[in-house]
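Every number in this text was worked out from the coordinates using simple rules, so none of it is lab data. Here the structure is a predicted model, which means the values were calculated and not measured. When we count neighbours, we look across all protein chains shown, and the Cβ atoms used for this are built from the backbone with ideal geometry, even at glycine.
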Amino acid sequence: MMSGFAELIESLSAAVWPMIALYVVWRYGKDVSGVIQSARDRKFLLEIGGQKLSMEEANKQQQTLIADLQTNMVAMMKRLDALGIAESQGSTLVSETTPESYRILWVDDNPKNNSYYVEQLQNDGYVVDIALSTKEALSKMMNRNYRLVISDMGREENGEFVGDAGVRLLKQLRENASSTPVVFFCSKRGVQSYGETVFSLGASGITSSTIELRSLFEKLAPRK
């Protein structure tokens, strides 16, 4: 009797599991397929610096950071070699104070491009507000006092691309008697094309290098 009951249970189990598998495929097939396709297309989303990035976008920013770091490290070593101190054993003083929060306004119509940089600043105690246009930036600055403004150069304004949008923002700020330091983070072409202009208008810096950008942050909004 027990043997027959066990055989019945075994037979039912053999029949039920395929049915369960078929149900799962029918019920969740599209979702599973979407996940597989997403992985295949590398479209998993990561949230970095308050922005959602695909794996491809995140990887591109990482590559840019690494390439920029390598370039600047090579340049630094060349300068050290020229001074004859490349092998020096000088000590480094590390501050034990906790980074103090400073509010920074970052103006860029494509903030995803700056996600890693923004997250680094947030981790160091900075508060970063994002503005997508000159109009939004000016509006935010009417309601808050920012320690520093960082802006791209060319961006879309009112549905049209404006190549010198950063310059126009700086002019407007100075016309409004704002003394807030302004730094431009843009392409090398932007640096070459508008470098002299923005400095003549009182900009505190313009660069395409993340390393130099960080140096400007430390100079203009030091973490005490």
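Structure notes:
- Relative contact order computed over region 103-220 (Cα-Cα under 8 Å; 6+ residues apart), in percent: 22 percent
- Length gained when the stretch residue 189-residue 139 is fully extended (0.36 nm per residue, less Cα-Cα span): 15.1 nm
- Pairs of Cα atoms farther than 15 Å apart, region 176-224, %: 46 percent
- Cα gyration tensor shape of region 103-220, rounded if a/c is under 1.5, else prolate or oblate by comparing a/b with b/c: rounded
- Using the Cβ of residue 109 as centre and a radius below 13 Å, the other residues enclosed give a net charge of -3, where K and R count +1 and D and E count -1.
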